[in-house]
1. Place the peptides 74-82, 134-142 in order of packing, highest mean first, counting for every residue the other Cβ atoms within 10 Å and averaging per peptide.
2. Set the Förster radius R0 to 25 Å, insert the Cβ-Cβ distance between Ser198 and Thr287 as r into 1/(1 + (r/R0)^6), and round the FRET efficiency to 0.05.
3. If r is the Cβ-Cβ distance from Thr91 to Leu317 and R0 is 51 Å, what FRET efficiency results, to the nearest 0.05?
4. Peptides 324-331, 245-252: what's the order by average Cβ count within 10 Å, highest mean first?
5. Given labels modelled 7 Å from the Cα in the Cβ direction, how far is it in nm from Ser351 to Ser149?
6. What's the extension gain from Lys239 to Lys102 if we count 0.36 nm per residue and subtract their Cα-Cα distance?
7. In what sequence do Thr64, Thr121 fall when counting other Cβ within 10 Å, fewest first?
8. In nm, give the distance between the simple-model label positions of Lys295 and His82, each being 7 Å from the Cα along the Cα-to-Cβ direction.
Amino acid sequence: MGKRNNQRKNKAMLDSDDENSSVSSSSTARSDLMSVSGTDEVQVDKDSLLEQALDALYEKRGSTREKALAAIIDAFNTSLQHQFVEKKFATLLHLCLNSIKKGSSKEMSLACHAIGLLALTVGSGDNAHEILEESVIPISQALKSPSDSLKTVSLVECLAIVTFVGATKTEETERSMQIMWQLLHPKLGSNVVAVKLSAVVITAVVSAWAFILTTMDGCSLNSKDWQEYISYFSTLLDKDDRSVRIASGEALALIFETGSIEKFATENKTTPDGSVPEGNKSREGYTHILGLKSKILNQVRSLSAEAGGKGSAKKDLNSQRNLFKDVLEFLEDGYAPDISMKIGGDSLQTSTWSELIKLNFMKHFLGGGFIKHMQDNEFLQVVLGFTPKRKQLGVEHQMSSGEKRMFRSPNSIQNKARTQFLNKQRMLSKDRNVGHFAVGMGDEDM
């Protein structure tokens, strides 16, 4: 089976429902903010609105803080608030963290989203790293009682975003992945009580975990952990909920794309000097991973052709079939799906599972603000490899007219973020071996 000639439409394409809901939420947030600030003026300066919303976060009444957070989110979705962030970065961060520590479930959820937007606005750098370090403990503490699905999903997605943007060391990324993993697959002890997670939460955690994994060099993680991850995600493929299956299938595809599964099998087959080891443990480990590979391939093949059952949502069934057809082609032939989507009048393309997972997660998190951020947020443009034509034309015009300056000032927040993010990616991805699942399938000499 060769690579498909016809690219399928991106399942993450922005539809009219997203746009309509965005407009509705924007107008609601603005009217809420005016009621918070006590003004009836129709035309209110955006900076003034944000200042008023920030002041409202000091109020004792929870509903007032919720309205203020909703207005802040709307402002960050509809325009990149660089000037406001330069002046009020630390204040906004700590007021949002206070809402996570003491607020209602709704307030916590809004605060999490605001922190994530703050991180995406500042881009990689010292401020993003500060957001991560200040947020990780309050988030991990709040996740210790995952009884509320809305709260838990918001906390996990916030942790994923601030880690993706702000982590500068492998250990920081692994720390966040472990927090999520403990939530999914807790190691029970005398002071740990297992909590049954809803399908919505499982889906969100798996997706967030995979999103962070896109920044990692898979070979830096130890083989024992990889075996645990792969085995667990394989069990999720058998769950009744299709959203859980889809998230797990994407996570497995990403793991196989890193080539880490080949590394694991090789480590279990050879000693550090490259010779074949003696003893049952190494041989058993190697045999186990080969059996696991075969099992997953059969699961994926079955899910790609599932007939569906009584009461099954056809949309979900089609999404599952399409996803696992892509995973199956990848496992058998090594081809990740080619995706193309329109942003404004420009095209964004992905050709790896890592790129697709980043795109889908960012689109989900930003919702109605996705298009605006992709058009104006240079950090996201670097992350997703997207250059709007208007930017290309601007650079070409400046170069042709002999101007020496960059399209934007090299001292701007955006360009600093771009440079720092690229340096971070080079560091985290150093010596990364990109492979695919087809390598070594059924080959005892892998």
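1. Listed from highest to lowest mean packing, they are 74-82, 134-142.
2. E between Ser198 and Thr287, to the nearest 0.05, is 0.10.
3. It comes out at approximately 0.60.
4. Output ranking for 324-331, 245-252: 245-252, 324-331.
5. Those two pseudo-labels are separated by 3.9 nm.
6. 45.8 nm
7. In increasing order of surrounding Cβ atoms, one gets Thr64, Thr121.
8. 5.1 nm
Bear in mind that the values in this text are calculations on the coordinates, not laboratory data. In this text the structure is predicted, and so the values were computed from the model without any measurement. In this analysis, Cβ positions are derived from the backbone assuming ideal geometry, glycine residues included, and neighbour counts consider all displayed protein chains.
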